[in-house]
Structure formats: structure tokens, C-alpha cells
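The values are calculated or read from the model by the stated rules, or taken from the named source; none is laboratory data. Keep in mind the model is a prediction, meaning the values are calculated, not measured. We place every Cβ from the backbone using ideal geometry, glycine too, and count neighbours over all the protein chains shown.
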Amino acid sequence: MNNCEIFDEGGRYMREAIVEIIRKAKESAEERDILINTLHEIQKRFENFIPPEAAEIVSEELNVPLSKVYEVLTFYTMFSTKPKGKYVIRVCESLPCHVENGREVVKALKETLKIDFGQTTPDNMFTLEMTSCLGLCGVAPVIMVNDEYYGNMTPEKVKNLINRLRGEEK
């Protein structure tokens, strides 16, 4: 889905969607969590990133300065203001993953996807990111694809996973 399918030129559909997200966040979250919960939901809905128009709508609807919205967006690494692939692959850079052949997993990811960290494949399917410890050292090396963890990774498992994810799109 691209942004054209998400909102019309006047931003009306985007506004309706964001107002609904904010309403749900207000019902289920404490006041201090509403902004972050809202941004998480927007990012899920709008292709793994928060468009500038969405940040402006959040600012208006929550009556929060736009600078505060961007302060949160730029402080937390899980938020992105740039488009990402459908599948965001995060690679753990902690010592246990590194020691357990994490370098080979990284090499396989880069070779299979033909991208480096911080890049997205030309088909907008995959984005590759480095992250700090994912907290699953017992099954190192670990990668995370969107919200799913994959442990005991090997180059072969990486290739199989990427092929499976590509196959789901056909």
C-alpha cells in the first residue's frame, strides 16, 4: 500500500485514521503514554514510518507543540520519519551475538538483500538496521523482523527466511 491509498490530497482520510488512533489511545492509555502509543499505531498503519503530515495532525489533535512530537520521534530509535520496507530486519549487535557467528549472519543478510545497514531494498520490501541487545542472548545470534524474533540464526536460516518472506508477497 502506498501513501496515495492511505489519504486523499487534502489529508482527510489520514486525519480520520489518526483521530481514531488517538481516540483509542486515550481510552486505553494513561495521559503520559498517549503520544507514544499514538505514534506506534500510526507507524504500524503507515508503512513503518511517520509521515510529516501525520506528525502535524498529531500535534493539532493532541494540542501538543509539533516540536514535542518531533522530540519524541527523534529520541526513540523505534520511530522513523523516513519510509522503511514492509519488513524491518533488526540485527543484534551485542557481544553474545557477535561471538556466536553474528558476523556471518550479517554477511548473509547483506549479500541476500544486497543492501547495507540503514538501507531499504529497491522494492521497498526490506530495511536492514543494527540494534542493541534484543535480550535473547541464550539463542544468539538473534534478529528481529518487525515484531518477531528469530534465534540461533545461521547464514542458511537467513536465506530461507528472506526467501519465505519474499514468497509470501507473490
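Listed by position, the helices (runs of 4 or more DSSP H) inside segment 65-170 whose residues that are within 23 Å of Pro52 (Cα to Cα) number at least 2 are 66-75. Checked against the criterion of being over 15 Å from the mean Cα position of the chain (by Cα) and either surrounded by 12 or more Cβ atoms within 10 Å (Cβ to Cβ) or at pLDDT below 95 (or both), the candidates Lys84, Lys159, Lys114 yield just one match: Lys159. Scan segment 22-30 and give yes if some residue there is under 29 Å from Lys157 (Cα atoms), outside the structural domain of Met153 (by TED's automatic domain parsing) and among the basic types (Lys, Arg), otherwise no. No, that holds for no residue.
The set of residues in segment 128-142 being of a type in the set (A, V, I, L, M, F, W, C) and either in contact with a helix residue (DSSP H, G or I) (Cβ under 7 Å, 6 or more places away or on another chain) or within 16 Å of Ser80 (Cβ to Cβ) (or both) consists of Leu128, Met130, Cys137, Ala140, Val142. Phe7 satisfies every condition listed in (1) surrounded by 18 or more Cβ atoms within 10 Å (Cβ to Cβ); (2) of a type in the set (Phe, Trp, Tyr); (3) at pLDDT 95 or above except (3). Taking the residues in segment 34-56 that are at pLDDT below 90 and part of a helix (DSSP H, G or I) as candidates, determine which candidate is surrounded by the fewest Cβ atoms within 10 Å (Cβ to Cβ). Looking at residues that are at pLDDT below 90 and part of a helix (DSSP H, G or I), I get Lys44.
Taking the criterion of being among the hydroxyl-bearing types (Ser, Thr, Tyr) and under 13 Å from Ser80 (Cβ atoms), no residue of segment 34-53 qualifies.
Yes or no, residue by residue, for (1) out of contact with any helix residue (DSSP H, G or I) (no Cβ under 8 Å at 6 or more places or on another chain); (2) crowded, with 18+ Cβ neighbours inside 10 Å; (3) of a type in the set (Phe, Trp, Tyr):
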| position | (1), (2), (3) |
| --- | --- |
| Ser59 | no, no, no |
| Arg103 | yes, no, no |
| Lys107 | no, no, no |
| Gln119 | yes, no, no |
| Phe126 | no, yes, yes |
